[in-house]
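The values are calculated or read from the model by the stated rules, or taken from the named source; none is laboratory data. Keep in mind that what you see is a predicted model, and the values were worked out from it rather than measured. Using ideal geometry, Cβ is built from the backbone for each residue, glycine included, and neighbour counts are taken over all protein chains shown. With ligands, DNA and RNA removed, areas are computed over all heavy atoms of the protein, side chains included. Shrake-Rupley method; radii C 1.70, N 1.55, O 1.52, S 1.80 Å.
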Amino acid sequence: MAYLIIGIALWIGIHLIPSVGLSWKEAIVNRIGLMTYRALFALSILGCMALIIIGWQTAQPVSVYIPPYELRWVTIPIVVLAFVLLGATGRPSRIGRLIRFPQLTAVILWAGAHLLANGDSRSLVLFTGMALWAVIMIVVMSRRDTQWEKRPAPPWSIEITGIGVMLLVALGVIVGHPHLTGMPVL
């Protein structure tokens, strides 16, 4: 469980550097260059992911609460919605005009949905930690960037295509979930 907790704590801390520690980030970029900074940032995030995965796999789950069985069926549509929101990130979309931070909102939905279906200790640590990270980032980024510049809405064909692609990705993850995580969806 220690690797899982350390991985999530580092994940939160590393993501806060560009949002809170702008002067620190600028000093690092001036010293090592932007491309090197980006490479180190990406490697740091991959390291956090490795710690989280190792922590998840090695932690012995202990039941903390037993979620009602019926809530498991609510999990799937919420996670699918999270994938649709994730697909609206970083590109013009109507969803991005409604939700300022679709990627972080997707993480909150994904984490919340998993907490509806899983009541063990490692799930509680992972999904609460990731939801906490997303909420912190929304608050920090909203305070930092007070103006919300909405991109123009794309044509409906692009919007529908983007949603369709993310629905296919969600279906792929649902089918592959037992192989990726060892946990069956249904």
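Sequentially through the stretch 59-74, phi angles give Karplus couplings (6.51, -1.76, 1.60; θ = phi - 60°) of 6, 8, x, 10, 5, 9, 8, 10, x, x, 4, 4, 5, 4, 7, 7 Hz, Gly and Pro residues having no value and appearing as x. From largest to smallest, the equivalent ellipsoid semi-axes obtained for the stretch 98-186 from the alpha-carbon gyration tensor read 27, 22, 7 Å.
Recomputing volume of the Cα convex hull per residue in Å³ from the coordinates shown identifies the correct label among [x] 169; [y] 137; [z] 106 as [y]. Here the chain is assigned +1 on the Cβ of each Lys and Arg and -1 on the Cβ of each Asp and Glu. Its dipole about the Cα centre then comes out at about 480 debye. Roughly how many Å is it from the Cα centre of the stretch 1-59 to that of the stretch 154-181, as a whole number? One Cα centre to the other: 27 Å. Using a probe radius of 1.4 angstrom, the carbon and sulfur fraction of the accessible surface of the stretch 53-186 is 71%. If the segment from MET141 to ARG72 were pulled out straight at 0.36 nm per residue, it would be longer than the present Cα-Cα gap by 21.6 nm. Given their separation in residues at 0.36 nm each and the Cα-Cα distance between them, LEU167 and VAL64 gain 33.9 nm when the chain is fully extended.
Among the trypsin sites (Lys or Arg not before Pro) in the stretch 77-186, those placed in a DSSP loop whose Cβ has at most 16 other Cβ atoms within 10 Å are ARG100, LYS150.
Segment HIS177..ILE14, full-extension length gain: 55.9 nm, with 0.36 nm per residue of separation and the alpha-carbon distance subtracted.
Taken one residue at a time, the phi angles of the stretch 92-107 give Karplus couplings (6.51, -1.76, 1.60, θ = phi - 60°) of x, 7, 5, 4, x, 7, 8, 10, 5, 10, x, 5, 5, 5, 4, 5 Hz. Gly and Pro are set to x. For the chain, the per residue solvent-accessible surface stands at 60 Å², with DNA, RNA and ligands left out and a 1.4 Å probe.
Couplings 3J(HN,Hα) for the stretch 36-42, derived from phi with the Karplus relation 6.51 cos²θ - 1.76 cosθ + 1.60 (θ = phi - 60°), are 5, 4, 4, 5, 5, 4, 4 Hz, where x marks Gly and Pro. Scanning the chain for chymotrypsin sites (Phe, Trp or Tyr not before Pro) in DSSP loops with at most 15 neighbouring Cβ atoms within 10 Å leaves 66-147 as the longest stretch between them.
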